[in-house]
1. For Gln155, enumerate residues with amide H under 5 Å from its amide H, sequence gap 5+ or separate chain, H modeled in the peptide plane.
2. With runs of 4+ DSSP H residues as the only contributors, calculate the mean residue ellipticity of the chain at 222 nm using -39,500 (n - 2.57) per run, divided by the residue total and rounded to the nearest 500.
3. Which loop trypsin sites (Lys or Arg not before Pro) in the range 259-326, with loop taken from DSSP, have no more than 13 other Cβ atoms within 10 angstrom of their Cβ?
4. Quick one: which residues, 5 or more positions from Arg75 or on another chain, have an amide H under 5 Å from its amide H? H modelled 1.01 Å from N in the peptide plane, none for Pro or chain starts.
5. Per residue of the range 161-173, in order, report the coupling 6.51 cos²θ - 1.76 cosθ + 1.60 (Karplus, θ = phi - 60°) as ³J(HN,Hα) in whole Hz, putting x for Gly and Pro.
6. Per residue, how much accessible area does the chain show when a 1.4 Å probe rolls over the protein heavy atoms, in square angstrom?
7. Using Cα atoms only, what is the angle between the long axis of helix 241-253 and the major principal axis of the chain, expressed in degrees (0 to 90) to the nearest 10?
8. I need the calculated FRET efficiency for the pair Arg145 and Thr213, taking r as the beta carbon distance and R₀ as 35 Å, to the nearest 0.05.
Amino acid sequence: MDYQEFYDQLKTGKLQKLYLFEGEEEYGKESALLALRRGLLKGPMALMNESVLTNPPDSELIAVCETLPIMEERRLVIVRDSQHLLGKAKAGADSQSEEEPEDEAPARRGDQLTAYMDRLPDSVCLVFYVRGKVNGARRLYKKIREKGGIVSFDQLDQERLIKWIAREFKTEGLRIERRTAEQLVFACGRELMTLKQEVAKLAAYAQERQTVTAQDIDAIATKNIEYRVFDLSDKVAAGQAGQALPLMHEMLKGGEQRLMLLALLQRHYRQLLLTRLMTQQRLPQADIASGLGVPPFVVRRLAQSAQAYQVQELQKAYQLCIRQEYLVKSGQLAEEGSLEQLILALLNIRMEKEARRHA
C-alpha cells in the first residue's frame, strides 16, 4: 500500500497488526509513525505501551509482542533496522539462515520471527521501520507482503509535492503560487525534511506578508548545487563577470569539487542548446520538459537563458564544456584552475558577441 492507504486505515481505526515502513522519503515515514502513535496510544499509560527496539534478537521481540498492554486495547512495538530485512543475518538460534532451502518451514531454519508473524496477538501493532528500501528477497519481507502490511514511502511526484508545499505554507498562514513552489523544489530539492525546514525559514521571513515570493526564496532559502550552477550559468550568459566569478569562488570555497562543477556546467549547456533548438521548432513547453526530463519551471528558466545565445554560440559553449572536462579527466590538464579557465572562455563568447554588435 502507499502512505495514503495507511492514513485511511488510521482515520477509520482499522489498523493492522503488522506493518513495514520502507522507502526513500524519511520525513514521510517519521510523520506516519508519529500519527500512528497519536492514533493508537491515547491513554495515561501511553509510554508504558510503546516499545522501540533496534535490531533485536527474535526471542526478545517475540517476548515484547506477547506482553499485554496496560489500560489500552493494543501496544505499539517499533523495530528499527532489523537485519531480517536489510543485511546478512547473524549466525545463531535467534536468526535466520538465508542459505537454507526456501521450502523448509521457517521455524526449522532457526527463523522464529517469520513463523511468529502468523501468530501475532490482536493486542499488538508491530511496525518494522527501515531507512531506505528493504531487501525484497528476505523471508520476513515476503511474509509481511503476504499479510498486506508493506507501506511504501516513495518521493512525491511533482503534482503532489506542490500541493504538499501549499498545505505547509497554509498552516503558517501564508499562500504560495504554483510557480513559486516549483522554484522552491528546484532550488532546494525534493526531500520533505529539507523542504519542511525551508518552509519554516520562509514563513518566518515573510511573516509580515500574505504570500511567499520568488524573491523570498532567492533571499533566504539554502540552494542546492544544481540551482547554484544554474545561477552561475545565467550570470555567464548575461556577461556578468563581476557576479559570475565571485559565485564560482564561493562554491569552490564551500567545498564543491571542480570536476563535479565542470560536469554540471556541461549538462546545463547541453540543456540550454536542446531548449534553444526545440524552442525554435515551436514545441510546447510540456514537450520540452518531457524531452529534457525536467519540470516546466526549469524549462521556463532554460528558455529565458537560452534566448541570450544563438544556436551556434550554444554549440560552441557546449563543446568548450565537453573539451575542458575531457582534458581534466584524461590528465592533459590539471584540475586546479580548470573551472576558472572554462568560465572565462564562456564569458568570452558573450564578450565577442557584444563586440560584434557594437562594431
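The values are calculated or read from the model by the stated rules, or taken from the named source; none is laboratory data. Worth saying up front: this structure is predicted, and the values here are computed from it rather than measured. As a convention, Cβ positions derive from the backbone with ideal geometry for all residues, glycine included, and neighbour counts pool all protein chains shown. Each accessible area value is taken on the protein alone, full model and side chains, heavy atoms only, with ligands, DNA and RNA left out. Shrake-Rupley method; radii C 1.70, N 1.55, O 1.52, S 1.80 Å.
1. Those lying under 5 Å, H to H, from Gln155 are Glu24, Glu25.
2. Value at 222 nm, helices only, nearest 500: -17500 deg cm²/dmol.
3. Qualifying residues, ordered by number: Arg282.
4. Under 5 Å from the amide H of Arg75 lie the amide H atoms of Val124, Cys125, each far enough along the sequence or on another chain.
5. Ordered by residue, 3J(HN,Hα) equals 5, 4, 5, 4, 4, 4, 5, 4, 5, 4, 5, 8, x Hz.
6. Accessible surface, normalised per residue, equals 51 Å².
7. Result, in degrees: 30.
8. The value I calculate is 0.15.
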